[in-house]
Structure formats: C-alpha cells, structure tokens
Amino acid sequence: MGKTLIRVLWCLLLAGFLTWLAILLRPGHPVTAWLTTRLIIAQAVAFPALLAVAGAGVLIAALLVALRFRTSTITRCLAGLTALACAASSLLAVIDPYGAMRYQARGVPAIGCVNMQIYRVTTYNALDTLTDQSLARLLANQPDFLVLPEVSPDTPALAGGVPGYQVFASTSEKTHIAPTLTLVSDRLGSYTAQEVPMTFGALLLTPESQASGQPQLLAVHTAPPIPIYMQQWRDDLATIDRLARDEGSLDLIAGDFNATLLHGSLASYAGAGSQLDADAALATHRIEGTWPVGGVLGMRAPIDYIMVMQGPPANSEDITYQQVGDSDHLAVSATTSLCR
C-alpha cells in the first residue's frame, strides 16, 4: 500500500509539471487557455519564478529518489521523469516565461508601410489615489493617450478638466471600484468614446473623423482572478479577445488586464503564440512586473500592458516602468509605432 501511494504521488507530480511545461510552451492554446483561467491554477501561474523556486525543491527530491538504487524501478523511473519535466519547466519559467525571446525569434515578415506614425501611450491603475502631483508626472512626457483605471471623474486632480486633453470616463459595475478614465491629446483631433461591457469599466476610443488616420484604442480594466470574480474575469478576457480579433480597425489596447501573457487566450494574440502578430511590449527581451509594487517575495506580475494590434513593422519600444503615487501598480509608458 505504501509503495502504491508513493507512486501515485510521483504520478501526480509528473502530471503537474508536464501541465506547467505545456502552459509555458503552448500559451494561448485552447487547452492551456482553459486551464490557466481555473481557480488556483490562475493564481499559481501569475508568478512563474515562484513556481520555479518550488520546482527546484521537487527537482532535488526527485533526483535523490531516481538515483537511489534500493528504490523500486517503477518509482525511480517516475521520479526521473518528474525530475526532467521539473528541470525543463523551471528553466523555461526563469529564462523566458512569457515568450519574449521566442516571439522575436519567429521573424514575422514586415508589412509594407510608407507612413509610420509615433504615439506615446501611458497606462496607470491609480487605485483611486490620483493626485495633482501624480497626474503631472504622468503627463510629463506628453502622452497621446493616458489610460487610468480606477480614477473617479470627480477626483480633485481632474477638476476643471486637463488642459490639452479630452477626458472620457467609463462606468463600473461595482460601485466600490472607480471607473476607467482615458485622456486623449487634442493633437489627435476629436475622439468619441463607446462603453464596452466590462466589470470595472472599459472604453473604445475612436477618432470622429476616420479620414484623420488616428488610431483606435481600447482602454480596459478587467475583474481580478479571485474566487468571487473568477467568472467575471474570464468574461472580461473573452471580451478583449473578441475585440482584438473582430475589431478590424483596433490599433491599441492598454490598461490593467489583471492577467499575464500566460493567462487565457492573451498569448494567442499578444504573446509568443500570437496569431495576429501583435506586439505586447515584446520588442524588448524583458517583460517587467507591474503588480504589486512591493512584490510577492520580491516578485511582481506583469498585468498592465500597452499592446499594438498591428504586425511588424508596427511595434512598441522605449518602454518604461515607474512608481507613481500610492497605487500598488507601476505605471507603464511606451512609444508605439503604427502604420497609418
């Protein structure tokens, strides 16, 4: 009976690490997309480096069992296979968990373009703590779009409007969570805002004159993947996925996704497995965490993004992260190049 329980334990560990390896290698696949939006798994994969640390302990134990000749052959084989799966998944989780290097290695052919336009985009979940000083820092580089999840329209920092910007506010299904605001520079001309159904508010911003050639932007703030909001979180990600694929003129998506590029279908249009050749700050070989500011054991999850929904040569670069005010999110800024 004891041997059977031990073998069952090794089988479960092996299955777990093979699943984790599949999530890392095939993010966005229908199976892994479903798995990564389930309770417990969703929370676990948010911090790949933490799983790698846990995997190191299992790896040592598995190697000790696999090399112990007094152990039964079946148990040693199971431990050895677990060690291999554990080593491969842990290494990938540390080196390239979100597929940045794999994305670049694909060598996607660039589309022809004779008119590249540069836009500066910033997103910052202010946690309804936006102050005059915080707003001034966010506007210091004069972004064309400033996406502000969790900012009340009546916050004193926005009293009387923001000179040089059009201000649009969504609504939130939850009264205790401030809606999503977006500031659009007057340099881009007049914009209109369409409400997008999302738990904490989202806006689809479109230039009034399509002939202007200015970009269309989706500002988002999804529900978090916590037990009481799991279904809403899945619905919100599905809404973004649908608009990313079906909205032909959508150029940019920015905001707080409450998800990494391993969650749900995000990777299928904005990560290593992108089918739309979208760029989600993957122009660099690093994707920095944005939440929580203090980290979980020093590690932050990348859940705030600026996504360019065009293929090469469109891209995002000059990406910066900074702490602004009292929010538990970092602000993300990027210079985006779009083909007009």
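Just one of the numbered conditions (1) surrounded by 14 or more Cβ atoms within 10 Å (Cβ to Cβ); (2) under 20 Å from R234 (Cα atoms) is not true of W10: (2).
For (1) touching a residue at least 24 places away in the same chain (Cβ under 8 Å); (2) small (G, A, S); (3) closer than 21 Å to Y305 by Cα, each residue gets a yes or a no:
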position: N141; (1), (2), (3): yes, no, yes
position: D154; (1), (2), (3): no, no, no
position: A159; (1), (2), (3): no, yes, no
position: S170; (1), (2), (3): yes, yes, yes
position: T182; (1), (2), (3): yes, no, yes
position: R187; (1), (2), (3): yes, no, no
position: T192; (1), (2), (3): no, no, no
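Quickly run through region 188-204 and pick out the residues that are in a loop (DSSP other than H, G, I, E, B) and polar (S, T, N, Q). Correct list: S190, T199.
Restricting the first member to region 1-28 and to residues that are under 29 Å from R102 (Cβ atoms), and the second to residues that are hydrophobic (A, V, I, L, M, F, W, C) and modelled with pLDDT under 90, the beta-carbon pairs closer than 6 Å and six or more apart or on different chains are P27/A267; G28/A267. For region 212-230, filtering for residues that are closer than 14 Å to Y191 by Cβ and out of contact with any Asp or Glu (no Cβ under 6 Å at 6 or more places or on another chain) leaves 6.
Could you please find all residues in region 205-259 being β-branched (V, I, T), assigned to a helix (DSSP H, G or I) and surrounded by fewer than 16 Cβ atoms within 10 Å (Cβ to Cβ)? Listed by number, the list holds a single entry, I228.
The values are calculated or read from the model by the stated rules, or taken from the named source; none is laboratory data. Since this is a predicted model, take the numbers as computed values, not measurements. Counting neighbours? That spans all protein chains shown, and the Cβs are built from the backbone with ideal geometry, glycine included.
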